Amino acid sequence: MDIEKIMQNMTLEDKARAVEGFSWWWTQEYPELEVPKIQVSDGPHGLRKMYTNPETNEGGTITAVCFPAACATACSFDTELLEQMGHTLGKECQAEDVGVILGPAVNIKRSPLCGRNFEYISEDPYVAGKLASAIIRGVQAENVGTSIKHFAANNQEFERMYGSSEVDERTLREIYFPAFEMAVKEADPWTFMCSYNRVNGTYSSENPWLLNDVLRKEWGYKGMVMSDWGAVSDRVAGVAAGLDLEMPGSNGVNIQRICKAVQEGTLSEEALDTAVRNVLHLVERFIENRKEETFDRARDHDVAVAIAGECIVLLKNETVNEAKVLPLAKEEKVALIGGFAENPRYQGGGSSHIESYKVVSALSVAQDYGTFTYNRGFSDTLDKYEEELQKEAVEAAMAADKVVVFAGLPDLFESEGYDREHMQLPACQNQLISELVKTGKPVVVVLHNGSPVEMPWADDVAGIVEAYLGGEGVGEAVMDVLYGKVNPSGKLAESLPIKLSDNPSYLNFPGKNKKVDYAEGVFVGYRYYDTRQMQVRFPFGHGLSYTEFRYSNLRVSRESFTASEGVTVSVDVTNIGDRSGKEVVQLYVADRTGSAIRPVHELKGFVKLSLEPGETKTAQFTLDSRAFSWYDTEQGDWYAANGSYILEVGRSSRQIEYSKEVRIIGSREKPPVITPDVQLGDLLASPYTREFTLERLKPYMDKFQSNQSETEEMVEAVVRFMPLRSLRSFQYMTNEEVEAICEDLKKHVEEQMKQM
Ligand code: BGC
């Protein structure tokens, strides 16, 4: 496509039309200019391609394969696996003529209550960024676009189309942006989808700081930005702010507005041209490298089953009668209980909902694994106590060797469009589990949920298997794990708090008066629980295996280094059990420099190793300057202070096996910001200003000493928290003198900085 030529032949109205969707799922077409339309489709974990039957004019959705939702795939901590899933999705898109699949969704799980957490990856931006990048690379290798969403700070459903997420810049940069930023730098998503909400008062769809300054200028993004469906408020402002494509379109209203604004000079034609160019470039990317593919649903279903097996997290596995309760043995009599064994909850509601090709329940395949009975025990759609069901279940449990309860959240409990109101399972399920525990039989709970639930019975049951929403093959994958055909290797990509009020956003979720204050700042998830040393039900990164791993020999390439040099960290991991398994080795960095208030540690690397019994492999991590930095809004940049950092290698955020201290050297010290308010202590602490201050303020400092006959150290301690201007009050410095000292200090700092 010759985009520039096409644009020369477009009228103003053609251009204004190009920047909005043609109906729900298509871009515009210009047959006379040989520009075809292309189709986009949800996403993220399967194809929700919609169509209209030309004969009946009725809409429908194609049948597709439902892969595990992001809450589950995140637990794989496996970038290769997710890249493979991306390839599969990309091929399906090619087969179905879909140019962009709308996902992945990388919003941070700020509260367990967000109704859409099931679609989001993690509470940790590094995990979200790495895994999203892997999916994007996979899809786009098939020459199909992705749309990373929802940019930005869209962490709840309550008032999602109007509310303002009030987030300080450091928190945005450290928690809510990095997954997007990493994806731009590591995977170059063809498109971005802006969020519905406002960020600090301005809609994302018309936020020039977000879309132009941060995304394009700072991160260097060259792709196209589309709106979330219906996220546009002021379209003209949106074009100027860098929103290229409005979806699903405005019924022409905004075409006229854009034309008028350009004609009247309130919108530059250049801004409109940029948007049109980005849309055309997207079309070009897709149509110029089409691939021949077929959508083989049976094949892809098997892929979905295999992926689900890699995502399941074994949370608890106690020893009962001298053996671990799991895996189950073929000859054991197992009572399967709970409606989710028959009708698994395997995906969430809303725009990601797939018309699934084939759903496999645990019950439907159970005969291939062992000896079992089945009882519903409770209703899987409602929170309704049914005495008869419970009674039958308890009787079945009494007659069995072991009990496996399939519990979870019914559809109604969590969905796009609204948030949960509490973190509990339906009461009837909790009650049944307690009754089953009373039988004295070992009870294993399998959970189907998109977001954490309270587990009041956690200490009483022998095993807990977190399946999340594992896609259409979840039943088979769960049975594979229960019976040990698959050795579980998933790890939690979010913390499971004991109760909702433990969560750091608790006091400020979901906000009031169309505003939600992210008052917990960077202390999200384990960054909060671990810093506060709080008990959690299960920590971030936790997950057991049927084998055991031993860590040894933590080493670093150098012990002191500049931030730009970075460091390589290695640790050996040995499978000391008797079956093959996979371990997710995690690397956390703890800043001990004291240069900012920071979480006690943050995840900066993970590696998934597959190990045969007796085998040892080395997990290697490369840490760059970002791994040590925090975002300093005063300097408008990332900053890794000189000093000590602890590198921690472990199995979860709470199970650190080894740690090692390293030092950063050679970082530019931050000069104090010079105003009359600067504290004398800061001037004395900084190498840029110490000598100058001692000399210039000597007469005033001396007065403190003689007045109260203190030592020089005491004087420094006394003046530490005094602003420069306070010398006016305490030592009769004139205002002119204060200002003159400020000016001289500023010049001095500038000169020093040039020399460093
Ligand atoms: C959702 C998006 C989705 C879009 C199209 C919106 O309501 O927020 O994630 O891609 O609809 O279905």
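Test residue 274 against the stated conditions and say whether it is surrounded by fewer than 22 Cβ atoms within 10 Å (Cβ to Cβ), in a helix (DSSP H, G or I), hydroxyl-bearing (Ser, Thr, Tyr) and over 18 Å from the mean Cα position of the chain (by Cα). Can you show your working first?
Working: surrounded by fewer than 22 Cβ atoms within 10 Å (Cβ to Cβ): yes; in a helix (DSSP H, G or I): yes; hydroxyl-bearing (Ser, Thr, Tyr): yes; over 18 Å from the mean Cα position of the chain (by Cα): yes.
The answer is yes for residue 274.
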Query raised in the report: Within the range 723-732, can one find any residue that is modelled with pLDDT under 90 and of a type in the set (Phe, Trp, Tyr)?
Result: yes
Query raised in the report: Taking the condition of a type in the set (Gly, Ala, Ser) and in contact (Cβ under 8 Å) with a residue 12 or more places away in the chain, does residue 471 pass?
Result: yes
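Give the residue, chosen from 355, 331, 387, 318, that is within 16 Å of the ligand (Cβ to nearest atom) and either open to solvent by 80 Å² or more (accessible area, probe 1.4 Å) or of a type in the set (Lys, Arg) (or both).
On the way: 331 fails: within 16 Å of the ligand (Cβ to nearest atom); 387 fails: within 16 Å of the ligand (Cβ to nearest atom); 318 fails: within 16 Å of the ligand (Cβ to nearest atom).
One residue alone meets the criteria, 355.
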Query raised in the report: Restricting the search to the range 361-384, which residues are open to solvent by 70 Å² or more (accessible area, probe 1.4 Å) and farther than 17 Å from residue 397 by Cα?
Result: 367, 368, 381, 382, 383, 384
Report task. Report yes if some residue within the range 84-91 is part of a loop (DSSP other than H, G, I, E, B), surrounded by fewer than 24 Cβ atoms within 10 Å (Cβ to Cβ) and not hydrophobic (A, V, I, L, M, F, W, C); otherwise report no. Result -> no
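Being more than 18 Å from residue 422 (Cα to Cα) and either among the hydrophobic types (A, V, I, L, M, F, W, C) or touching a Pro at 6+ places or on another chain (Cβ under 7 Å) (or both): is that true of residue 509 here?
Values: more than 18 Å from residue 422 (Cα to Cα): no; either among the hydrophobic types (A, V, I, L, M, F, W, C) or touching a Pro at 6+ places or on another chain (Cβ under 7 Å) (or both): yes.
In short, no.
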Requested in this report: Identify the single condition in (1) within 24 Å of the chain's Cα centre (by Cα); (2) part of a loop (DSSP other than H, G, I, E, B); (3) surrounded by 20 or more Cβ atoms within 10 Å (Cβ to Cβ) that residue 465 does not satisfy, given that it satisfies every other one.
Outcome: (2)
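Got a number for residues in the range 1-34 being away from the ligand (no atom under 16 Å from the Cβ) and open to solvent by 10 Å² or more (accessible area, probe 1.4 Å)?
Step one: filter the range 1-34 for residues away from the ligand (no atom under 16 Å from the Cβ), giving 1-19, 28-34.
Pick out the ones that are also open to solvent by 10 Å² or more (accessible area, probe 1.4 Å) and you get 1-15, 17, 28-29, 31-34.
Number satisfying all stated conditions: 22.
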Query raised in the report: What number of residues within the range 35-67 satisfy the criterion of being within 15 Å of the ligand (Cβ to nearest atom), β-branched (Val, Ile, Thr) and closer than 19 Å to residue 138 by Cα?
Result: 1
Report summary line: Across the range 378-409, the tally of residues that are in a loop (DSSP other than H, G, I, E, B), at pLDDT below 95 and not aliphatic (A, V, I, L, M) stands at 8
Report summary line: If we ask which residues in the range 100-131 are within 13 Å of the ligand (Cβ to nearest atom) and within 10 Å of residue 156 (Cβ to Cβ), their number turns out to be 4
Report task. Output the residues belonging to the range 590-600 that are touching a residue at least 24 places away in the same chain (Cβ under 8 Å) and open to solvent by 10 Å² or more (accessible area, probe 1.4 Å). Result -> 591, 592, 593, 594, 595, 596, 598, 600
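Do we find that residue 70 is within 16 Å of the ligand (Cβ to nearest atom) and within 25 Å of the chain's Cα centre (by Cα) in this structure? Break it down into steps so the answer makes sense when it comes.
Values: within 16 Å of the ligand (Cβ to nearest atom): yes; within 25 Å of the chain's Cα centre (by Cα): yes.
Yes.
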Requested in this report: Looking only at the range 162-182, decide whether some residue is more than 14 Å from the ligand (Cβ to nearest atom) and of a type in the set (Lys, Arg).
Outcome: yes
Query raised in the report: Taking the range 398-452, which residues are closer than 26 Å to residue 539 by Cα, open to solvent by 10 Å² or more (accessible area, probe 1.4 Å) and free of Cβ contacts under 8 Å to residues at least 40 places away in the same chain?
Result: 413, 424, 430, 434, 437
Query raised in the report: Restricting attention to the range 234-245, and to residues there that are in contact with an Asp or Glu (Cβ under 7 Å, 6 or more places away or on another chain) and assigned to a loop (DSSP other than H, G, I, E, B), which single residue is nearest to the ligand (Cβ to nearest atom)?
Result: 243
**Report entry** Close pairs (7 angstrom Cβ cut-off, 6 or more residues apart or separate chains): on the phi > 0 side of the Ramachandran plot in the range 248-262, open to solvent by less than 20 Å² (accessible area, probe 1.4 Å) and within 16 Å of the ligand (Cβ to nearest atom) anywhere
**Finding:** 249/20; 249/21
Query raised in the report: Name the residues in the range 301-319 that are within 16 Å of residue 79 (Cα to Cα) and either of a type in the set (Ser, Thr, Tyr) or touching a helix residue (DSSP H, G or I) at 6+ places or on another chain (Cβ under 7 Å) (or both), would you?
Result: 303, 307, 308, 309, 310, 311, 312
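So, in the range 277-300, of the ones that are acidic (Asp, Glu) and either touching a residue at least 24 places away in the same chain (Cβ under 8 Å) or in contact with a Gly (Cβ under 6 Å, 6 or more places away or on another chain) (or both), which residue ends up surrounded by the fewest Cβ atoms within 10 Å (Cβ to Cβ)? Reasoning before the result, please.
Start the filter on the range 277-300 by keeping residues that are acidic (Asp, Glu), which leaves 284, 288, 292-293, 296, 300.
Okay, now just the ones that are also either touching a residue at least 24 places away in the same chain (Cβ under 8 Å) or in contact with a Gly (Cβ under 6 Å, 6 or more places away or on another chain) (or both), so 284, 288, 292-293, 300.
Numbers: 284: 16, 288: 9, 292: 6, 293: 15, 300: 23.
Ranking the qualifying residues of the range 277-300, first place goes to 292.
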**Report entry** Yes/no for residue 231 being within 15 Å of residue 194 (Cα to Cα) and more than 16 Å from the ligand (Cβ to nearest atom)
**Finding:** no
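The values are calculated or read from the model by the stated rules, or taken from the named source; none is laboratory data. Predicted model, so just to flag it, every value in this text is computed and none were measured. A quick note on method: Cβ atoms are made from the backbone with ideal geometry, for glycine too, and the neighbour counts reach across all protein chains shown. Just so you know, the surface numbers come from the protein's heavy atoms only, side chains and all, with ligands and any DNA or RNA stripped out. Shrake-Rupley method; radii C 1.70, N 1.55, O 1.52, S 1.80 Å.
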